[in-house]
Amino acid sequence: IEAGSWVITMLIGNLLMFFPYGVFVYLLSGKLKFKNTLFISLVIPMFIEVLQPIIGRSCDIDDLLLNALGILLGYYFTSVVFSLYKKLKKHGTN
């Protein structure tokens, strides 16, 4: 594995690893205002990053930002899927 491909793998992995959190945030909370979604998206990975030095791992701002972005993407992806589902259901047969 080349260094460049390792970096890309880590970046994509950090993003995708937290995508399900965004799905769960949407399913548990429904529609949130953007600032609340952003707050939740930052707090979850921040908590994890703060705990990492305690267990012998390093704290990394890149991980924090990519994890937060993964949560946001998961949240808004789920929001779009549910909106499309509701539109299709509304226009479908009754």
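Things worth noting here:
- Between the beta carbons of I54 and M17, assuming R0 = 22 Å, the FRET efficiency works out to 0.65 to the nearest 0.05.
- Note on F24/S83: beta-carbon distance plugged into 1/(1 + (r/R0)^6) with R0 of 25 Å gives a FRET efficiency of 0.90.
- Protein accessible area in the chain, 1.4 Å probe - carbon and sulfur %: 73
- Other residues whose C-beta falls under 13 angstrom from the C-beta of V50 contribute a net charge of -2, scoring Lys and Arg +1 and Asp and Glu -1.
- Taking the Cα centre of the chain as reference, the dipole from Cβ charges on Lys and Arg (+1) and Asp and Glu (-1) amounts to some 900 debye.
- Probe 1.4 Å, protein heavy atoms only - accessible area per residue of the stretch 1-82 in square angstrom: 67
- Kyte-Doolittle mean at least 1.6, axial Cα span of 20 Å or more - DSSP H helices of the chain: 34-51
- In nm, spacing of pseudo-spin labels at T9 and K90 (7 Å Cα→C-beta vector): 4.5
The values are calculated or read from the model by the stated rules, or taken from the named source; none is laboratory data. The structure presented is a predicted model; accordingly, all values stated were derived computationally and were not measured. Note that we place each Cβ from the backbone using ideal geometry, even for glycine, and neighbour counts take in every protein chain shown. Ligands, DNA and RNA are excluded from the accessible area calculation, which covers all protein heavy atoms including side chains. Shrake-Rupley method; radii C 1.70, N 1.55, O 1.52, S 1.80 Å.
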